[in-house]
Structures are given as structure tokens and as C-alpha cells.
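Visitor: Take this structure first; my questions come after.
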Amino acid sequence: MPRSQVPKTIEWLGDRVRFVDQSKLPGELSIVETGDYRVVAAAIARLEVRGAPAIGVAAALGVALAGNASEATDAAAFGRDVETAARVLESTRPTAVNLRWAVGRMREALRRAGSSGPVAARAALVREAVAVLEEDRELCRSIGEHGAPLIADGDTVLTHCNAGSLATAGDGTALAVVYAAADAGKRVRVYADETRPLLQGARLTAWELGARGIDVTVLCDGAAASAMALGLVNKVIVGADRIAANGDVANKVGTLSVAIAAARHGIPFYVAAPYSTLDPAIETGAAIPIEERPAEEVALCGGRRVAPEGVRVWNPAFDVTPAGLVTAIVTDRGVFRPPYRTSLLAARPPSGP
Ligand code: MRU
């Protein structure tokens, strides 16, 4: 499928949101259109829309939908309707800071609209949500541009989960780097960890890389260290859901194992994320809230039970990779190297974010 035919992960249609239901990929390309923020919230919770930047965009659009749907005739009642939706949307998933960041932007847009009344506030919310979406596309482009020089002609890059176009409104974060390197004429191959339990690597990364004509190989998560030991991969690039002030990185569970294996084999381990994934209020990764998901995701595979009925399951959706294992963090504001507390925070404008 040529690049132009890969469907947009999430779009604003003027009065509705359209998104790809990623839970059905790669078997079915199902597109959902809705004007109801509750449908958007449920889609985030069920990982129909997933990936840190994409859920931020979806939540912002969801708040705009709530504004459109409100029948309030005064600013206070309108504000209450919007706040109800904002709380529902931001409580869908705890780890990605993008969700709270995007909902925070919507709250701020509403505050700026002040007492101007529901008609003007509605329009302001739509404008802000569309800006969040369009900016995300631009951030992806910029991450790709900053990261592409890290990739050499002939590299084979290992990635974990999906940090591609399906996880953003644009070209992705980790995969934006791969796409930008390929666009620059470099031959680059990707090893995609399957990413248990929900198989974002096997289902989504392999699908979108294949659609974009990038050479991709899927491997079990447990084979990543062997791929490094055997010299099958020479770089790692992953995305991030939240980066603490000291550079610790929360990302899909299994990322930590990849980072440890990369350090053991002397392989660079890069993280690619929008600068807004940095949460300066969180000092270290220990304070990042890690989502725990239902036992069934682990006990069942493809709808079939693979663990004994009633067995205890631990299913954290994310883990934290210590900054010491991260070679560099690629963002829209440039490539940052250790010590991250100094380098990352120095790129903050005095007024944040
Ligand atoms: O549970 P998911 O699929 O939303 O987890 C996604 C990841 O961990 C991604 O690597 C991360 O959000 C970065 S996406 C650009």
C-alpha cells in the first residue's frame, strides 16, 4: 500500500471524529466515525486508538465533541458539560502524559474563551483540538528530521510496540526516524518485537512498515536479546509514554528488557518522542503511574485460553527504563544526550511546557 493510501489514524471531520479501530488490525481495516465523546473515551480505554500522541489527540477531539454536543445556554453550564467529558477522557489511561497534557490544553482554551458564551467557546474548543492534531503531525515530521542522521545506510533497527503512524496523527516517533532515513535514500530494515500481550508490534508495526515498503521482520519479544547477540540488529529505537525529569522513560512493557540487552551488547538505545512527553513534574521514573490491565489479556491469546483458569496474572502495560540505559532522546526540539536532567530541561522555554 503506497504511503498515500495508508489511512489517517485519526481525523477531524468538522463535526465528527474518524479513527482507525486498531484492535481489528491487521485482519480488518475498520474505520469508526463518531460525534460522541464517550465513544472516543471507550476507544482509548479499549486500545482501539492507542499510542501516547494519538490518545492525546483523540482526547482533545473528544473534548471538542463534548462542547459541540452541549445544549447549555450559559458559560457556567457549558463549562460543567465540558469538564465532565474532560474528566472521563483523561481518566481512560494513566501512563501517557500526552493525555493529560492535551486535556489540559483544552481546559486552558476554555478558560481563555472565558465568559464569551457557549457559541464562541464551542468554536474555541474545536480550534484548539484541531491545532493539537495538526501540531502532532508537524512534531512527527520534526522528530524524523532530527533522528534520521542517527541511522546509517544498511542499519537494522529493532523496535518494540508501535511508535509509528498508527500511534500518532502523523508519521510516528520511532518509526518517523526510520521513514525519514528511508526517504533520504538509506537502506534500513526493521526487526519488530511482537509485543505481548496485545501484539502491537506483530499486528501494527509490521502492518504499517509493510504498507510503506520497509523491510520488516517480526520476532518474539524473548528473541530480541538473541537478535542482538547474533548481530542481526545494530540499533534500537522505541517510543515513550512519559519521560521523567531525570530522563527515565516509561514505554510499553518489555522495553526495559530490550534496553538491558542493548547495553549488554553495546548497541545504541534511542528513544523518540515529542518534547511534550517530558513530564518535568515527575523527578524520576519511580513516580510514573503504570497502568495495570485486565488478566484476560495475558491469560487468553487470540481469544483462546493459554493459562490455567483462575491463575494469578500480573499485567503491567508499561515499564520504566532508567536514563542510564538511554543513549539519546530524539524529540522535535533536537536530540538530547545525558545527563538528561540538564539537557532536556534546558530546552524548556521559561513559560513551559
Ligand atoms: O498500550 P499502547 O499500545 O498505547 O502503548 C504504546 C506504546 O507504548 C508506545 O511505544 C508509546 O505510546 C509511544 S507511541 C509514539
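The values are calculated or read from the model by the stated rules, or taken from the named source; none is laboratory data. Because the structure is a prediction, the values reported are computed rather than measured. Cβ sites come from the backbone with ideal geometry, for glycine too, and all protein chains shown count toward neighbours.
Visitor: So how many residues does the range 9-67 have that are among the hydroxyl-bearing types (S, T, Y) and within 15 Å of the ligand (Cβ to nearest atom)? Break it down into steps so the answer makes sense when it comes.
Guide: Step one: of the range 9-67, the residues among the hydroxyl-bearing types (S, T, Y) are 9, 23, 30, 34, 37.
Checking which are within 15 Å of the ligand (Cβ to nearest atom) leaves us with 9, 23.
The qualifying residues number 2.
Visitor: Something else about it: What is the number of the single condition among (1) at pLDDT 95 or above; (2) part of a loop (DSSP other than H, G, I, E, B); (3) out of contact with any strand residue (DSSP E or B) (no Cβ under 6 Å at 6 or more places or on another chain) that E134 does not meet?
Guide: Exception for E134: condition (2).
Visitor: Continuing with this model, one more query. Would you call I214 in contact with a Lys or Arg (Cβ under 9 Å, 6 or more places away or on another chain) and either within 16 Å of L158 (Cα to Cα) or modelled with pLDDT of 95 or more (or both)?
Guide: On the way: in contact with a Lys or Arg (Cβ under 9 Å, 6 or more places away or on another chain): yes; either within 16 Å of L158 (Cα to Cα) or modelled with pLDDT of 95 or more (or both): yes.
Considered against the rule, which asks whether it is in contact with a Lys or Arg (Cβ under 9 Å, 6 or more places away or on another chain) and either within 16 Å of L158 (Cα to Cα) or modelled with pLDDT of 95 or more (or both), I214 comes out as yes.
Visitor: Among the residues of the range 148-162, write down those that are under 15 Å from P53 (Cβ atoms) and in contact with a strand residue (DSSP E or B) (Cβ under 6 Å, 6 or more places away or on another chain). Before you say what the answer is, go through the steps one by one.
Guide: Restricting attention to the range 148-162, the residues satisfying the condition of being under 15 Å from P53 (Cβ atoms) are 161-162.
Once the filter is applied, which keeps residues that are under 15 Å from P53 (Cβ atoms) and in contact with a strand residue (DSSP E or B) (Cβ under 6 Å, 6 or more places away or on another chain), the range 148-162 yields only C161.
Visitor: What number of residues in the range 282-309 are modelled with pLDDT of 95 or more and assigned to a loop (DSSP other than H, G, I, E, B)?
Guide: Final tally of qualifying residues: 14.
Visitor: A follow-up question, please. Within the bounds of the range 231-240, is there any residue that is within 16 Å of the ligand (Cβ to nearest atom), crowded, with 20+ Cβ neighbours inside 10 Å and over 12 Å from L158 (Cβ atoms)?
Guide: The answer is yes; a qualifying residue exists.
Visitor: Report yes if some residue within the range 155-174 is within 12 Å of the ligand (Cβ to nearest atom) and charged (D, E, K, R); otherwise report no. Can you show your working first?
Guide: To start, the set of residues in the range 155-174 that are within 12 Å of the ligand (Cβ to nearest atom) comprises 159-174.
Subset that is charged (D, E, K, R): 171.
Within the range 155-174 (the criterion being within 12 Å of the ligand (Cβ to nearest atom) and charged (D, E, K, R)), the answer is yes, since at least one residue qualifies.
Visitor: Filtering the range 175-205 down to residues that are β-branched (V, I, T) and buried (at least 24 other Cβ atoms within 10 Å of the Cβ), which residue is nearest to the ligand (Cβ to nearest atom)?
Guide: Step one: filter the range 175-205 for residues β-branched (V, I, T), giving 177-178, 188, 190, 195, 205.
Adding the requirement that they be buried (at least 24 other Cβ atoms within 10 Å of the Cβ) leaves 177-178, 190, 195, 205.
On the way: V177: 11, V178: 12, V190: 14, T195: 8, T205: 10 Å.
Among residues in the range 175-205 that are β-branched (V, I, T) and buried (at least 24 other Cβ atoms within 10 Å of the Cβ), the one nearest to the ligand (Cβ to nearest atom) is T195.
Visitor: A further question on this structure: Restricting the range 249-281 to residues that are in a strand (DSSP E or B) and over 22 Å from N234 (Cβ atoms), which is nearest to the ligand (Cβ to nearest atom)?
Guide: Looking only at the range 249-281, we keep the residues that are in a strand (DSSP E or B), and these are 249-252, 269-272, 278-279.
This time we only want the ones that are over 22 Å from N234 (Cβ atoms), so: 250, 278-279.
Numbers: A250: 8, L278: 13, D279: 14 Å.
It comes out as A250.
Visitor: Here is a follow-up. With I267, I260 as the choices, which residue is crowded, with 19+ Cβ neighbours inside 10 Å, touching a helix residue (DSSP H, G or I) at 6+ places or on another chain (Cβ under 9 Å) and among the β-branched types (V, I, T)? Give the steps one after another, and end with the answer.
Guide: Numbers: I260 fails: crowded, with 19+ Cβ neighbours inside 10 Å.
Unique residue meeting the criteria: I267.
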